[in-house]
Amino acid sequence: MNPADLSSQPSPWINQPGPDFEIVISSRVRLARNLEGYEFKPCLSAQRQNEILEILTPALLSLDQKLYYIDVDKIAAVERELLAERYLISPAHVRGKGPRGVAIAEEENFSAMINEEDHLRMQAYAPGLQLKACLDRVNQIDDQIEKKVRFAFHPRFGYLTACPTNLGTGIRVSVMLHLPGLKMTGQIDKFFAAARDCNLAVRGAFGEGSETVGDFYQLSNQVTLGVAEAEVVSNFTEKIVPKIVEYERAARQTLIEQSPYVVDDKIQRALGVLRNARLISSQEALVLLSQVRLGVHIGRIFEIQVSKINNLFFHLQPAHLQMRAGKSLDPDQRDSFRAQVIRKALSPN
Amino acid sequence: MQCQNCKNQTATIHLTEITNGNRTETHLCQTCAQKQGLAVQTQIPLNELLSTLLSAQPEATGEDSTPQEEKACPRCGMTLRRFSKETLLGCPQDYEVFEKNLLPLIQRTHNGNTEHCGKTPSSVGPEQDKQIQLAALRRQLDVALRNEQYETAARLRDQIRNLQ
Ligand SMILES: [Zn+2]
Ligand SMILES: [Zn+2]
């Protein structure tokens with residue numbers, strides 16, 4: 001699999017509709033594992049990193065499903081960025097050093113990073129709220145790999161991880177949420193408070209650090225010890241996420257009923273700018289796309305399919321733009337090319 | 001730079017927004033940005049927890065006079081001092097070498113839990129697996145009783161009895 005081939009296509013899985021996908025953009029479940037008898041990342045020599053690759057790569061490539069292997073250490077920097085923009089590897093894996101790799105399913109809804117913070121991190125994705133399906137997939141792959149290797153496991157602490165915050169199940173469950181209604185009605189801090197009460201972490205789905213751009217949030221569990229995998233998932237799918245979806249729907253309804261012209265104006269202006277801008281930063285584009293996405297879901301914009309907007313989340317990012325342009329672009333050239341890509345995607349005819 | 005909103009804290013969140021063609025720059029502190037939904041609280045502040053890891057240790061006893069923070073894992077050489085800086089351990093054995101020191105940290109990051117519950121590798125023998133599952137069921141039973149879910153509690157008690 002050549003990373004360059006990916007840049008012009010959307011991630012195949014993001015465009016299938018999933019449950020509640022107007023609010024829950026995607027689901028992800030990740031498991032962290034380490035090999036018994038090997039040091040963790042900070043104390044691992046390049047030689048030992050290679051040994052880990054030699055153990056885990058064949059195990060991943062002989063699964064009952066076909067995976068493609070990419071040597072992350074060898075590919076170009078922009079290709080690493082591209083993989084990260086598609087969620088196939090983490091930013092830490094982009095910045096990492098030494099022998100490391102990733103095995104990817106063709107549909108891009110599963111990837112396994114080798115020599116990231118832990119020796120093996122496997123993650124499955126699905127559109128909408130489908131955490132159970134994600135868990136089943138990684139769990140089943142974990143079972144197959146476990147037949148070939150021994151993972152570091154402790155009777156009291158469970159699966160041992162380099163950082164104690166992932167200890168136990170090594171599971172990280174997360175959903176990407178689009179909450180423009182809560183934001184516009186000034187209720188977003190309630191969502192943050194609820195997340196805190198349930199021991200969940202909220203992050204901006206795009207952008208660096210704690211900054212959020214365009215009402216997209218990522219919600220994930222923090223407790224990995226003492227709670228079984230299925231329990232973490234059912235907490236999300238039966239308790240937490242349905243509540244958030246309910247609040248967001250109610251907020252959208254309030255907006256439509258109480259200030260239809262204001263909302264309409266916001267949405268149509270956003271679409272107008274996206275269709276006409278000649279220079280646009282990724283931050284501005286995400287803010288406007290958030291409003292257009294809301295417009296599509298509350299029946300204010302009819303001619304644009306949500307899939308087009310979801311695709312743009314990938315295609316407006318720096319590495320995707322540069323791979324598509326076939327050359328490196330400085331920030332101004334990027335803003336110009338980004339505007340062109342968006343205009344083409346959202347043009348009325 | 002000062003936060004525009006409270007004019008008190010240092011601004012750490014810098015946003016550029018374009019509304020109706022006007023470009024506005026906003027500079028806010030973490031707290032104010034969070035209130036407005038422009039920033040989020042990121043995870044448990046692990047670094048804060050770690051900085052207390054070394055300071056709150058009881059005195060080493062007996063002839064072992066090595067300061068806690070210099071104690072090293074015989075296998076990988078990791079020390080608590082290094083761990084508290086890098087937030088990553090050096091090898092699986094560190095969980096035993098530094099167990100006493102790590103336990104409070106583990107407890108705080110995992111909502112008080114200190115026992116694994118959930119999947120076990122197939123290499124774990126049936127007896128050990130049974131103990132792990134029993135611990136998990138007992139914990140669930142505690143929760144059910146606390147929440148007065150008596151039907152669930154009865155079901156869990158049956159499961160525990162069948163396993164024992
Ligand atoms: Zn402030
Ligand atoms: Zn060690």
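The values are calculated or read from the model by the stated rules, or taken from the named source; none is laboratory data. This structure is a prediction, so every number in the text was calculated from the model and none was measured. Please note: Cβ atoms are built from the backbone with ideal geometry, for glycine as well, and neighbour counts cover all protein chains shown. SASA here: full protein model, heavy atoms, side chains in, ligands and nucleic acids out. Shrake-Rupley method; radii C 1.70, N 1.55, O 1.52, S 1.80 Å.
Test A:Arg300 against the stated conditions and say whether it is touching a residue at least 24 places away in the same chain (Cβ under 8 Å), open to solvent by 10 Å² or more (accessible area, probe 1.4 Å) and outside any helix (DSSP H, G or I). Give the derivation first.
Working: touching a residue at least 24 places away in the same chain (Cβ under 8 Å): yes; open to solvent by 10 Å² or more (accessible area, probe 1.4 Å): yes; outside any helix (DSSP H, G or I): yes.
For A:Arg300, the condition - touching a residue at least 24 places away in the same chain (Cβ under 8 Å), open to solvent by 10 Å² or more (accessible area, probe 1.4 Å) and outside any helix (DSSP H, G or I) - is met.
Each row is one residue, and each column tells you yes or no for (1) more than 16 Å from ligand 1 (Cβ to nearest atom); (2) farther than 20 Å from A:Met122 by Cβ; (3) surrounded by fewer than 21 Cβ atoms within 10 Å (Cβ to Cβ).
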site	(1), (2), (3)
A:Asn2	yes, yes, yes
A:Pro42	yes, yes, yes
A:Ala46	yes, yes, yes
A:Gln65	yes, no, yes
A:Asp73	yes, no, yes
A:Leu83	yes, no, no
A:Pro91	yes, no, yes
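For segment A:230-243, how many residues meet the condition of being at the interface with chain B (Cβ under 10 Å from one of its Cβ atoms) and open to solvent by 20 Å² or more (accessible area, probe 1.4 Å)?
Residues that pass the stated criteria total 2.
What's the total number of residues in segment A:180-202 that are surrounded by 24 or more Cβ atoms within 10 Å (Cβ to Cβ) and in contact with a strand residue (DSSP E or B) (Cβ under 8 Å, 6 or more places away or on another chain)?
So the answer is 1.
For segment A:31-51, enumerate the residues that are touching a residue at least 40 places away in the same chain (Cβ under 8 Å) and within 16 Å of ligand 2 (Cβ to nearest atom).
Passing the criteria: A:Asn34, A:Leu35, A:Glu36, A:Gly37, A:Tyr38, A:Phe40, A:Lys41, A:Pro42, A:Leu44.
A:Asp142: surrounded by fewer than 23 Cβ atoms within 10 Å (Cβ to Cβ) and either out of contact with any helix residue (DSSP H, G or I) (no Cβ under 9 Å at 6 or more places or on another chain) or farther than 30 Å from B:Val143 by Cβ (or both), yes or no? Spell out the reasoning first.
Values: surrounded by fewer than 23 Cβ atoms within 10 Å (Cβ to Cβ): yes; either out of contact with any helix residue (DSSP H, G or I) (no Cβ under 9 Å at 6 or more places or on another chain) or farther than 30 Å from B:Val143 by Cβ (or both): yes.
Yes: the conditions hold for A:Asp142.
What residue, of B:Glu115, B:Glu69, B:Glu86, is closer than 17 Å to A:Thr165 by Cα and assigned by TED's automatic domain parsing to the domain that holds B:Leu50? Can you show your working first?
Details: B:Glu115 fails: assigned by TED's automatic domain parsing to the domain that holds B:Leu50; B:Glu69 fails: closer than 17 Å to A:Thr165 by Cα.
Testing whether each residue is closer than 17 Å to A:Thr165 by Cα and assigned by TED's automatic domain parsing to the domain that holds B:Leu50 leaves just B:Glu86.
If you check A:Phe157 against the conditions, is it of a type in the set (Phe, Trp, Tyr), open to solvent by 10 Å² or more (accessible area, probe 1.4 Å) and within 11 Å of chain B (Cβ to nearest Cβ)? Lay out the reasoning, then the answer.
Working: of a type in the set (Phe, Trp, Tyr): yes; open to solvent by 10 Å² or more (accessible area, probe 1.4 Å): no; within 11 Å of chain B (Cβ to nearest Cβ): yes.
For A:Phe157, the condition - of a type in the set (Phe, Trp, Tyr), open to solvent by 10 Å² or more (accessible area, probe 1.4 Å) and within 11 Å of chain B (Cβ to nearest Cβ) - is not met.
With the checklist (1) aliphatic (A, V, I, L, M); (2) more than 7 Å from chain B (Cβ to nearest Cβ); (3) open to solvent by 20 Å² or more (accessible area, probe 1.4 Å); (4) free of Cβ contacts under 8 Å to residues at least 60 places away in the same chain in hand, flag the one item A:Val227 doesn't pass.
Just one mismatch for A:Val227, condition (2).
Quick check: anything in segment B:95-105 at the interface with chain A (Cβ under 9 Å from one of its Cβ atoms), open to solvent by 60 Å² or more (accessible area, probe 1.4 Å) and modelled with pLDDT of 85 or more?
yes
Tally time: how many residues in segment B:114-164 are acidic (Asp, Glu), surrounded by fewer than 12 Cβ atoms within 10 Å (Cβ to Cβ) and part of a loop (DSSP other than H, G, I, E, B)?
Residues meeting the conditions: 1.
Take the residues in segment A:160-192 that are of a type in the set (Gly, Ala, Ser) and more than 10 Å from every other protein chain (Cβ to nearest Cβ), then tell me which one is nearest to A:Ile298 (Cα to Cα). Working first, answer last.
Taking segment A:160-192 first, the residues of a type in the set (Gly, Ala, Ser) are A:162, A:168, A:170, A:174, A:181, A:186.
So of that shortlist, the ones also more than 10 Å from every other protein chain (Cβ to nearest Cβ) come out as A:174, A:181.
Details: A:Ser174: 25, A:Gly181: 10 Å.
Filtering first and then ranking leaves A:Gly181.
Given the criteria within 14 Å of another protein chain (Cβ to nearest Cβ) and open to solvent by less than 50 Å² (accessible area, probe 1.4 Å), does A:Leu255 qualify? Let's see the steps before the verdict.
Working: within 14 Å of another protein chain (Cβ to nearest Cβ): no; open to solvent by less than 50 Å² (accessible area, probe 1.4 Å): yes.
In short, no.
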